């Protein structure tokens, strides 16, 4: 990836289409921190959290599955900054949760090649356009699913 990617990025659909015609194996990268942030979790608990959210009648934002075994949940801007406080409120550490905010980027479907690997949509609402959820609307389900898949988090050692 070019180190100057942020300055060379484009929102112009014609420019992006031309780039993809010229290099159809290129990965699509989306800059985070302005229009959206991303909460990034291991895939197995991420899929469990998606299922839990939909069963509870919650509407998660779009989610992307990556070839590196992660699920990327798109949330409203500010999620990156809010995440540490939300995790502290649940009384837990990171549990494998990462976030992407200003100055960062994530891979986007239909990326299928390149150094960032592949990406596919794991969830996308059929009711567009929906506002992206705030991080606090999905973190509870993510923490619940992550704790269920990490044995040490199910029964923390007592002091």
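We did not get these values from a lab; they are worked out from the coordinates using the rules stated. Please read all numbers here as calculations on a predicted model, not as lab measurements. Please note: Cβ atoms are built from the backbone with ideal geometry, for glycine as well, and neighbour counts cover all protein chains shown.
Quick notes on this structure:
- Length released on extending from residue 14 to residue 59, taking residue separation times 0.36 nm less the Cα-Cα span: 13.1 nm
- For residue 94 and residue 7, the difference between the fully extended length at 0.36 nm per residue and the C-alpha to C-alpha distance is 28.2 nm.
- Sorted by Cβ neighbour density within 10 Å, fewest at the top, the residues 67, 125: 125, 67
- 20 °C / 1.002 mPa s Stokes-Einstein diffusion coefficient of the chain, Kirkwood radius on C-alpha pairs, µm²/s: 129 µm²/s
- Helix 13-22 axis, angle to the chain major axis (alpha carbon atoms, nearest 10°): 80 degrees
- Degrees separating the helix 135-149 axis from the principal Cα axis of the chain, which is the longest one: 60 degrees
- Taking 0.36 nm per residue of separation and subtracting the current Cα-Cα distance, fully stretching the chain between residue 118 and residue 67 would add 17.8 nm.
- Estimated inter-spin distance, residue 22 and residue 125, nm [label 7 Å along Cα→Cβ]: 3.6 nm
- Residue order for 3, 41, fewest other beta carbons within 10 angstrom first, comes to 3, 41.
- Considering only alpha-carbon pairs that sit under 8 angstrom and 6 or more positions apart, the relative contact order computed for the chain is 32 percent.
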